[in-house]
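Nothing in this text is a laboratory measurement; each read-out follows from the coordinates by a stated rule. Keep in mind that this is a model prediction, so the values were computed, not measured. Neighbour counts run over all protein chains shown; Cβ positions are idealised from the backbone, glycine included.
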Amino acid sequence: MKTPMLFDDLGLSPQTLKAIHECGYTQPTPIQEKAIPAILMTRDVVGLAQTGTGKTASFTLPMIEILHDGRAKARMPRSLVLAPTRELAAQVAENFDTYGKYHKLTKALLVGGESMGEQMKLLDRGVDVLIATPGRLLDLFERGALLLGDIKILVIDEADRMLDMGFIPDIEKIVSLVPAIRQTLLFSATMPPEIKKLADRFLSNPKSVSVAPPASPAETVEQFLVSVPPRRKNETLNSLIEREDVKNAFIFCNRKRDVDMLATWLKKQGHAAAGLHGDMAQPVRTKTLQDFKDGGVVLLVCSDVAARGLDVSAVSHVFNYDVPTHADDYVHRIGRTGRAGMKGRAWTLFTDDDRKYVDLIEKLIKKTIPVETVSDARERRPQDSRPRPERQERQAPRRTTPRERETSDEEVLGFGDDVPAFLRR
Ligand code: AMP
């Protein structure tokens, strides 16, 4: 039997080992075992790993070692980590703080929604690690706030999400601005052909490390489907939440507008709920996320983009209020629970119209998800005499077209008659 690898075996410095020890980690995760030694040897690495596998530490730990002796010049960062969302970038920055606490590395986080002036001041002082979303980085570059000629390590994190979000042209531009001689690390949860091509172009003789087959959902997540008429989604979700032992949960909607409305409705039902989506001001997003981590918010209603890569380790449940139209998103969503070896439960509400998307998901995960019956609150409480609108009299809902459904994190203009149930209360 293979003896378990220890952090001591990976070639990390005593200061880093001390910081890791203080996090309570006993053993490197498989991606860390494979990636850290290769990165320390200055190899390019392509890492195929989902969030929740410890992949962030697999590049931050060796980067701290490589960068610790050296000094950054004003406006010339020495390394660059590109992340698709502000939250993910903030998480990477937190990782550098946590693991680099016994090193004197300087860092800056460049994300939209925060003051540019502050970010420019930090750059002026010189930073060892620059963590950025592609748009804000190019913005500041074009204003002359930074030069990329001293970048020694470039990390492209969550490359498949960058692709989904249309960031590939920005990435190409950024790569053209950094030195040709550099170390490049690319991480992705899946490897679509576009990302494979990008890796072939930008990385030189990379070591490929992979910890789970692409798009395999965590084995620790129990998955269920619930068939629901379109107009009973809210009530069914509420019944599910009441019947499950929910410690805390992510609830995913396909549209930003539903995020707000569902969060408001759940609050009215007495739940500690909040919404999180890309249109919210950054300070509000940061505070909401912190409230969720602290337990003040128990149900976080969110869009795919806002939740991507969020690191909240002990989430008991994921509810899909809508079936995602991209099967990959399903895998990312349910990967929010069942992390770090804990058990999680993922429930997906589906209507007759969603069957085709469910089929795509089942094809991708190579498994049939059991369908459970959940009677909603109204059916279970006939004595409940609160007046309710007469739904049958309303017109049949306008069906959303596949095109509309695919605008997963975009506003869909006009609901027509397809008004979500909570609007009609
Ligand atoms: P990531 O895949 O980077 O999103 O990391 C997921 C979670 O795993 C984070 O909460 C990390 O703090 C945690 N983590 C990273 N490395 C380890 C480790 N070796 N042992 C236990 N937890 C870890």
*How do 272-283, 5-16 rank on mean C-beta neighbours within 10 Å, highest first?*
272-283, 5-16
*Quick one: check the C-alpha center-to-center distance for the range 140-216 versus the range 1-70, whole angstrom.*
20 Å
*Give me the distance in nm between label points sitting 7 Å out from Cα along the Cα-to-Cβ direction at residue 314 and residue 15, one decimal.*
3.2 nm
_Less than 18 Å from a label point 7 Å out along the Cα-to-Cβ axis of residue 368: which backbone N atoms in the range 220-239 qualify, by residue?_
223-227
*For residue 176 and residue 23 in the same chain, what is the full-extension length gain: residue separation times 0.36 nm, less their Cα-Cα distance, in nm?*
51.4 nm
*Percent antiparallel among DSSP beta bridges with both residues in the range 7-210, to the nearest 5?*
5 percent
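Suppose R0 equals 30 Å. What FRET efficiency, 1/(1 + (r/R0)^6) with r the Cβ-Cβ distance, do residue 200 and residue 290 give to the nearest 0.05? Let's see the in-between values first.
On the way: r = 40 Å, r/R0 = 1.33.
Once rounded, the FRET efficiency stands at 0.15.
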*Lys and Arg at +1, Asp and Glu at -1: add these up for the other residues within a Cβ distance under 14 Å of residue 245 and post the number.*
+1
*Would you mind getting me the FRET efficiency between residue 268 and residue 125? Use the beta-carbon distance for r and R0 = 35 Å, nearest 0.05.*
0.15
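Just check the range 7-210 against the gyration tensor rule for me: Cα atoms, a ≥ b ≥ c as the square roots of the eigenvalues, rounded for a/c under 1.5, and otherwise prolate or oblate depending on whether a/b exceeds b/c. Intermediate values should be presented prior to the final figure.
Numbers: a/c = 1.57, a/b = 1.14, b/c = 1.38.
Taking the square roots of the gyration eigenvalues as a ≥ b ≥ c, the range 7-210 is oblate.
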*asked:* Quick check: from the Cα gyration tensor, does the range 221-379 come out rounded (a/c under 1.5), prolate or oblate?
replied: rounded
*Compute the length gained on full extension between residue 143 and residue 101: take 0.36 nm times their separation in residues and subtract their Cα-Cα distance, giving the result in nm to one decimal.*
12.0 nm
*Mind listing the phi-derived Karplus ³J(HN,Hα) values for the range 136-143, rounded to whole Hz, using 6.51, -1.76 and 1.60 with θ = phi - 60°, and x for any glycine or proline?*
5, 4, 5, 4, 5, 4, 5, 7
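Taking the Cβ of residue 43 as the center, what net charge do the other residues with Cβ under 13 Å away carry, scoring Lys and Arg +1 and Asp and Glu -1?
Overall, the nearby charge balance is +2.
On a 28 Å Cα-Cα criterion, which of the cross-link pairs 196/363; 107/196; 73/196; 152/196; 121/287 come out too long?
Values: 196/363 22 Å; 107/196 30 Å; 73/196 34 Å; 152/196 22 Å; 121/287 24 Å.
From 196/363; 107/196; 73/196; 152/196; 121/287, over 28 Å: 107/196; 73/196.
Provide the gained length on full extension for the span residue 356 to residue 114, in nm with one decimal, where the gain is 0.36 nm per separating residue minus the Cα-Cα distance.
Details: separation 242, 0.36 × 242 = 87.12 nm, distance 4.05 nm.
Contour length minus the Cα-Cα distance gives 83.1 nm.
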